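Colleague: I have a structure I would like to understand better, so I am pasting it below and will then ask my questions one at a time.
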Amino acid sequence: LLFVLLGYAATTGHFMEGARFLFHWDLDKLTPQAILVAMGHSFFTLSLGMGAIMAYGSYMPRRHSIGTSVLMIAFLDTAFALLVGLALFPIVFAHGLTPGAGPGLMFVTLPLAFGNLPLGELFGTAFFVLVALAAWTSAISIAEPFVAWAVERGMNRLTAASIIGITSWFLGIFSILSFNLMAGPEYHLFGKTFF
């Protein structure tokens, strides 16, 4: 599906503009804040510091090389991110959207792209089902260290997973509501929303 999007992006007439936006090197923009944002992105995309890598590693067979796995994961993650950028930014420029809109940009650009493709409804449905599965498996991997900890202390795995899942869902509801119903200043704590 990514290669289908990449092919469509190449037909928008803005492919080089998107590639230039993605790969143009401007040393003046390399500020401490930009480095912090890049580090935040890498920590997020590789699930560093959240225990997910620890959970994956604990289930890895002993015969696998950690060093090889680390290099392969870093390479594949970077290659995938670059391909996504090459697929999304030409679509962004073709439709006059703002390229700095963040991760939510995917939910703006991709429906436009799929809407212009033959069999776009089929590709779009498949793509967003896969995005939902990726989010779901990521949520499971983030919850796994807590579940494993509770199981080690004698709790039933189903009970531990249910308690952690319900708690995460409940906290997630407040995070979502902090963008609309609970966005007002009366819901702020120390000037910040729940999210």
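The values are calculated or read from the model by the stated rules, or taken from the named source; none is laboratory data. Everything quoted here is computed from the prediction, not taken from an experiment. With ideal geometry, Cβ positions are generated from the backbone for all residues, glycine too; neighbour counts draw on all protein chains shown. Surface accessibility is based on the protein's heavy atoms, side chains included, excluding ligands, DNA and RNA. Shrake-Rupley method; radii C 1.70, N 1.55, O 1.52, S 1.80 Å.
Colleague: List the helices (runs of 4 or more DSSP H) inside the range 66-177, counting only whole elements, that have at least 2 residues being under 30 Å from residue 10 (Cβ atoms).
Modeller: Filter on the range 66-177 gives 66-94, 106-116, 120-152.
Colleague: Out of the range 63-94, which residues are in contact (Cβ under 8 Å) with a residue 12 or more places away in the chain and either of a type in the set (Phe, Trp, Tyr) or in contact with an Asp or Glu (Cβ under 6 Å, 6 or more places away or on another chain) (or both)?
Modeller: Hits for the range 63-94 are 80, 89, 93.
Colleague: Using the structure shown, decide if residue 37 is modelled with pLDDT under 85, over 27 Å from residue 107 (Cβ atoms) and out of contact with any strand residue (DSSP E or B) (no Cβ under 6 Å at 6 or more places or on another chain).
Modeller: Judged against the criteria, residue 37 is not a match.
Colleague: Could you please find all residues in the range 9-24 being of a type in the set (D, E, K, R) and either touching a residue at least 12 places away in the same chain (Cβ under 8 Å) or open to solvent by less than 100 Å² (accessible area, probe 1.4 Å) (or both)?
Modeller: Across the range 9-24, the qualifying residue is only 17.
Colleague: Give all pairs with beta carbons closer than 7 Å in which a residue from the range 170-184 that is open to solvent by less than 50 Å² (accessible area, probe 1.4 Å) meets a residue that is part of a loop (DSSP other than H, G, I, E, B); count only pairs at least 6 apart in sequence or on separate chains.
Modeller: Partner pairs satisfying both residue conditions: 175/194; 175/195; 178/193; 178/194; 178/195; 182/193; 182/194; 183/193.
Colleague: Under 23 Å from residue 43 (Cα atoms), part of a loop (DSSP other than H, G, I, E, B) and either open to solvent by 100 Å² or more (accessible area, probe 1.4 Å) or out of contact with any helix residue (DSSP H, G or I) (no Cβ under 9 Å at 6 or more places or on another chain) (or both): does that describe residue 195?
Modeller: When the stated conditions are applied, residue 195 passes them.
Colleague: For the range 103-127, give me each residue that is surrounded by 15 or more Cβ atoms within 10 Å (Cβ to Cβ), under 19 Å from residue 45 (Cβ atoms) and modelled with pLDDT of 80 or more.
Modeller: Within the range 103-127, just 127 meets the criteria.
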